[in-house]
Amino acid sequence: MNAPNKIAHIGIAVKSLEQALPFYTNHLGLSLIGTEEVESEQVKVAFLEIGESRIELLEPLSDQSPIAKFIEKRGEGIHHIALDVNDVKERLIHLKEQGVPLIHEVPKKGAHNAQIGFLHPKAAGGVLYELCQYPEEDS
């Protein structure tokens, strides 16, 4: 199995995109390239470009959102690191066969029409990793 292509993004949990964005755009000088609601994760995402990667700010859309639960438990901050991969479905199968604990055993739809799957944080010393496979035109 080949190594991931790159870090696709770093997901940062925030209570409010409106309050968080000025730091990233005004103080760090990053460009906001868009926002999107991801119903499957009950989250609103703001995408900021940094080199070939992105920072994604994640605002919960409901108290039931995994991001709301994360913020309640740990506060705002880094939520996950996403890795760009070529075949997320095959990777998840391979990781499961290797005994790696997964949150998603099959890919689901994420932001930018990507196919995504999360590895359980206990697989990597408490770090939550997301595997992302983007449609050909978006990668």
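The values are calculated or read from the model by the stated rules, or taken from the named source; none is laboratory data. No experiment lies behind these values; they were computed from the predicted model shown. Because the Cβ atoms are built from the backbone with ideal geometry, glycine has one as well, and the counts that use them run over all protein chains shown.
Okay, here's what the table says:
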{"quantity": "Scope the stretch 27-58; condition exposed (fewer than 14 other Cβ atoms within 10 Å of the Cβ) and at positive phi; matching residues", "calculated": "GLY29, GLY34, GLY51"}
{"quantity": "Filter pass, ALA3 being under 28 Å from GLU136 (Cβ atoms) and either loosely packed, with under 15 Cβ neighbours inside 10 Å or at pLDDT 95 or above (or both)", "calculated": "yes"}
{"quantity": "Scope the stretch 108-128; condition buried (at least 19 other Cβ atoms within 10 Å of the Cβ) and either part of a loop (DSSP other than H, G, I, E, B) or touching a strand residue (DSSP E or B) at 6+ places or on another chain (Cβ under 7 Å) (or both); matching residues", "calculated": "GLY110, ALA111, ALA114, GLN115, ILE116, GLY117, PHE118, LEU119, LEU128"}
{"quantity": "Condition broken by TYR24, with the remaining ones in (1) under 20 Å from LYS122 (Cα atoms); (2) surrounded by 15 or more Cβ atoms within 10 Å (Cβ to Cβ); (3) over 13 Å from the mean Cα position of the chain (by Cα) satisfied", "calculated": "(1)"}
{"quantity": "Sole exception among (1) within 27 Å of VAL106 (Cα to Cα); (2) modelled with pLDDT of 95 or more; (3) touching a strand residue (DSSP E or B) at 6+ places or on another chain (Cβ under 9 Å); (4) exposed (fewer than 12 other Cβ atoms within 10 Å of the Cβ) for LYS73, by number", "calculated": "(3)"}
{"quantity": "Positions within the stretch 8-33 being out of contact with any His (no Cβ under 7 Å at 6 or more places or on another chain), in a strand (DSSP E or B) and closer than 27 Å to GLU72 by Cβ, in sequence order", "calculated": "ALA8, HIS9, ILE10, LEU32"}
{"quantity": "Options LEU92, LEU58, LEU83, LEU30; residue that is over 18 Å from TYR129 (Cα atoms) and not basic (Lys, Arg)", "calculated": "LEU30"}
{"quantity": "Residues of the stretch 94-139 classified as hydroxyl-bearing (Ser, Thr, Tyr) and modelled with pLDDT under 90, total", "calculated": "1"}
{"quantity": "Criterion (surrounded by 18 or more Cβ atoms within 10 Å (Cβ to Cβ), assigned to a helix (DSSP H, G or I) and out of contact with any Asp or Glu (no Cβ under 6 Å at 6 or more places or on another chain)) met by exactly one of LEU95, LEU83, LEU131", "calculated": "LEU95"}
{"quantity": "Long-range neighbours under 6 Å by Cβ, at least six apart or interchain, first residue modelled with pLDDT of 95 or more within the stretch 27-45, second among the aromatic types (Phe, Trp, Tyr) and outside any strand (DSSP E or B)", "calculated": "LEU30/TYR24"}
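Here's the yes/no breakdown for (1) over 16 Å from the mean Cα position of the chain (by Cα); (2) among the polar types (S, T, N, Q):
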site: ASP87; (1), (2): yes, no
site: LYS108; (1), (2): no, no
site: ASN113; (1), (2): no, yes
site: VAL127; (1), (2): no, no
